[in-house]
C-alpha cells in the first residue's frame with residue numbers, strides 16, 4: 001500500500017498536473033524499454049501507493065522529497081495510485097519507461113517482479129532489513145513497515161466489532177465498505193486475511209459472499225473510505241495502521257481494530273509494508289539509487305513513526321517518539337501471521353476471480 005501526529009493522511013489525492021502530464025506525455029515506442037527522458041536530468045519519478053503523502057503537505061513523503069532535493073538537487077515527481085494500478089501502469093509503459101522507483105504493497109511488489117518490471121538494487125542499509133521484508137534477489141526492499149487493519153466510527157459504535165461475524169450483522173447494512181481486491185493493496189489484504197482466518201478459499205469466499213449484503217460497493221482507493229467512517233457515512237471499512245493512525249488527528253471519530261476469526265479467538269493481522277524497487281530501464285537510474293539509499297538511511301527511518309505514523313523497516317532503529325509508543329500499544333495483543341507471498345503472487349488472479357464470483361462484483 002498504506003500512515004503520526006503527523007497530518008491527515010492523504011485521501012488518495014488526485015495526481016498533480018505535473019504528475020499527470022508526466023504519465024500521459026509520451027506515446028509508446030518500440031524502444032525495447034528505452035526512455036525518451038533526459039538521463040542527466042536532476043529528477044526522478046516515483047510511482048507509489050497512497051498513504052505516505054499528506055494533502056496538507058506535512059506528511060512523510062512531503063518531508064522526504066523536500067529534504068532529498070535539498071541534499072542532492074534531485075527533484076521528485078510523484079505519481080500516486082492504488083498498488084495494482086501502479087504495477088499495471090509500469091507494464092503498459094515498459095516500452096518507454098517513465099518511472100524510476102515504484103513503492104507498493106505486497107503482493108503487488110512481487111507481481112511487479114514477476115512481470116520483469118524491477119531491476120536488482122540493494123540499497124545501503126538494506127542489510128539491516130529483516131529477511132521477510134526484502135527480496136532475496138535484491139529487487140525490492142521494505143522502506144516503511146505497516147499492518148493491515150479495519151477502522152470503525154467511534155462515535156456511533158461504543159466498541160469495535162470483535163469478529164468477522166460481527167461485521168455481517170444487519171446493523172452494518174449499507175454502512176460497511178472495503179476497497180476492491182486486485183486493485184487496491186489494502187483491498188487485496190481483505191481477501192488474504194479471510195483466506196487465513198477461515199482456513200482456505202472455499203470458506204473465505206462463502207463468508208465474503210455473506211458479507212456482501214452489507215457492502216456499499218467497490219472502491220479503487222482505501223484512503224477515500226477513512227473520511228466516510230469519520231463522518232459516520234460508514235460504520236466500518238478496511239485500512240492499514242500507518243494510514244489510519246496518521247488520519248486520527250484530523251479524523252478523530254475513527255478507531256483501529258483487527259477482527260478475529262471467531263468468538264474467543266485472538267485478533268490477528270499481517271505485515272503489509274510499503275516496498276520499494278528500482279524500475280527496470282529507469283530513465284534516471286543513478287538518481288533512483290540515491291533516493292532508495294536515502295529512504296533507508298538511519299535519519300529517515302527514525303522519522304517513519306514520528307512523521308509518517310508507520311513502523312521503521314530497519315531492525316537497528318528503535319524509535320521512542322510518542323507515535324512509536326502509541327503504535328506499539330495499538331499492536332499489543334494482536335497476533336501477527338506471515339502470509340505465503342509466493343503462493344499469493346502465483347494464485348492472485350485465482351483468488352480475485354473467486355472473490356468476484358462470490359460477491360457478484
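The values are calculated or read from the model by the stated rules, or taken from the named source; none is laboratory data. These numbers come from a predicted model, not from an experiment. A quick note on method: Cβ atoms are made from the backbone with ideal geometry, for glycine too, and the neighbour counts reach across all protein chains shown.
Remarks
- Residue, farthest from the chain's Cα centre (by Cα), within region 338-352, restricted to residues that are assigned to a helix (DSSP H, G or I) and exposed (fewer than 13 other Cβ atoms within 10 Å of the Cβ): 350
Okay, residues lined up against (1) surrounded by fewer than 24 Cβ atoms within 10 Å (Cβ to Cβ); (2) on the phi > 0 side of the Ramachandran plot; (3) in a helix (DSSP H, G or I):
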position: 58; (1), (2), (3): yes, no, no
position: 68; (1), (2), (3): yes, no, yes
position: 71; (1), (2), (3): yes, no, yes
position: 77; (1), (2), (3): yes, no, no
position: 132; (1), (2), (3): yes, no, yes
position: 144; (1), (2), (3): no, no, no
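- Test for residue 133: is it within 30 Å of residue 226 (Cα to Cα) and either assigned by TED's automatic domain parsing to the domain that holds residue 343 or out of contact with any helix residue (DSSP H, G or I) (no Cβ under 7 Å at 6 or more places or on another chain) (or both): yes
- Among residues that are touching a strand residue (DSSP E or B) at 6+ places or on another chain (Cβ under 8 Å) and under 23 Å from residue 341 (Cβ atoms), residue 197 is included.
- Output for region 287-337, where each listed residue is more than 22 Å from residue 102 (Cβ to Cβ) and assigned to a strand (DSSP E or B): 335, 336
- Residue check, residue 283 assigned to a loop (DSSP other than H, G, I, E, B) and under 22 Å from the mean Cα position of the chain (by Cα): no
- In region 84-104, the count of residues that are more than 15 Å from the chain's Cα centre (by Cα) and closer than 25 Å to residue 268 by Cβ is zero.
- Residue 300 meets the conditions (1) in contact with a strand residue (DSSP E or B) (Cβ under 8 Å, 6 or more places away or on another chain); (2) modelled with pLDDT of 95 or more in every case but one. The failed one is (1).
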